[in-house]
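Working notes, structure below.
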Protein chains: 2
Amino acid sequence: MALYFYPPSVEELIAALTKLPGVGPKTAQRLAMHLLHAREEDAAGLAEAILQARERVRRCHICGNLTDEETCPVCQDEQRDTTTICVVEQPGDCIVVEKTGQYQGLYHVLHGALSPMEGIGPNDLNMASLMQRLQNGNVQEVIMATNTGVEGEATALYLARQIKPLNIKVSRLAYGVAVGGDLEYTDEATLGRALQGRLSI
Amino acid sequence: MALYFYPPSVEELIAALTKLPGVGPKTAQRLAMHLLHAREEDAAGLAEAILQARERVRRCHICGNLTDEETCPVCQDEQRDTTTICVVEQPGDCIVVEKTGQYQGLYHVLHGALSPMEGIGPNDLNMASLMQRLQNGNVQEVIMATNTGVEGEATALYLARQIKPLNIKVSRLAYGVAVGGDLEYTDEATLGRALQGRLSI
């Protein structure tokens, strides 16, 4: 006897949802049922939002950040300090830095980090345009805000070595214990760096 | 100074994703970035799958299960045993029963359970068509396979009371310990029911 499952259109929806990161078959089923029963504007709205974002979003031709326009709002903003560039791996990292409210400079988004394991070299990242910005511009400091894993560190070091000859200051985010964090739960490598970088009070 | 976040089209995508169940702002950001960087056919494919499923899926006019056709494949299948109807709350429950490979009868999908708390009464569920099937047909047994929570139990009891006058046998799934399960982790209510329903070996 034939066993029956979801209708083809629902199976296709489940298959498409399963391709999302962190979404397994069970979650995909739950999401599919939700989308079938959601209000029309919510379901169609999601489909439309995916298509719209894919169509509109591009990379800022200056800094590489995601934008709906030719030039991103940060690069357009004349109030920003154009002598400082903060280099990050991903667009989301800019937002984290913005949220601190402590940074007034510009950004440069690499869209990844050097990774010999994954075959990602300097030419696969948004690096050439950074060097061009530094050669043409009035930049005095580049802050490396790449992630602190092996790949982010290697990327920061590689770029620092490229930038040094231009006589531009290169800095790195400080390492240390998290604000509000328990020492007990701080890993040894981080605590070691926090000791090395201790501040007088 | 103005702070910058994602471009509007990305913010809209994140907002649409946040409406999905179990998806918070962080997950929505991760999904949005994935969708922006995914292959065109995967991203557009998901949007298309949502719209297609919304357009095509309807309820089978006999059993209420989800189908892309007028009548679902189970109701169309002449090999199925038309004397037995298994009543479930959700379309996904049919699939779980199908997967046992031990059921050859038909289904009836209520699309929910009675819930005075949420204001869901008999008229809000796919119950009238079940009673009609029972009155017209050659059904000899109705198996209540609603969930075993308070609402599912109340729904099964309510329907059983409606069906009894028609001289049709009404049964309920057996309660007991899970196959392969540890007694230690079986809740008392379930273990109590398993004792009551003990089988001679």
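Structure values in brief
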quantity	calculated
Complete set of residues in the stretch B:59-68 that are surrounded by 14 or more Cβ atoms within 10 Å (Cβ to Cβ) and more than 7 Å from every other protein chain (Cβ to nearest Cβ)	B:R59, B:C60, B:I62, B:C63, B:G64, B:N65
All positions within the stretch B:143-163 that are under 15 Å from B:I85 (Cβ atoms) and in contact with a strand residue (DSSP E or B) (Cβ under 9 Å, 6 or more places away or on another chain)	B:I143, B:M144, B:A145, B:T146, B:T155, B:A156, B:L159, B:A160, B:I163
Neighbours by Cβ (under 6 Å, 6+ apart or cross-chain): first from the stretch B:121-141, in the same structural domain as B:H111 (by TED's automatic domain parsing); second open to solvent by 50 Å² or more (accessible area, probe 1.4 Å) and assigned to a helix (DSSP H, G or I)	B:L134/B:L166
Of the criteria (1) within 21 Å of B:R56 (Cα to Cα); (2) touching a strand residue (DSSP E or B) at 6+ places or on another chain (Cβ under 9 Å), which one A:A38 fails	(2)
Test for B:L51: is it within 8 Å of another protein chain (Cβ to nearest Cβ) and open to solvent by 30 Å² or more (accessible area, probe 1.4 Å)	yes
Subset tally (residues that are more than 7 Å from chain A (Cβ to nearest Cβ) and small (G, A, S)) for the stretch B:33-48	1
Members of the stretch B:1-16 that are surrounded by 18 or more Cβ atoms within 10 Å (Cβ to Cβ) and facing chain A (nearest Cβ under 7 Å)	B:Y4, B:Y6, B:P7, B:S9, B:V10, B:E12, B:L13, B:A16
Any hit, the stretch A:77-89, residues being surrounded by 18 or more Cβ atoms within 10 Å (Cβ to Cβ), within 13 Å of chain B (Cβ to nearest Cβ) and more than 19 Å from B:K26 (Cα to Cα)	yes
Flag for B:C86 being in contact (Cβ under 8 Å) with a residue 24 or more places away in the chain and touching a Cys at 6+ places or on another chain (Cβ under 7 Å)	no
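The values are calculated or read from the model by the stated rules, or taken from the named source; none is laboratory data. All values derive from a computational prediction rather than experimental measurement. Note that each Cβ is placed from the backbone with ideal geometry, even for glycine, and that neighbours are counted across all protein chains shown. These area figures cover heavy atoms from the full protein model, side chains too; ligands, DNA and RNA do not enter into them. Shrake-Rupley method; radii C 1.70, N 1.55, O 1.52, S 1.80 Å.
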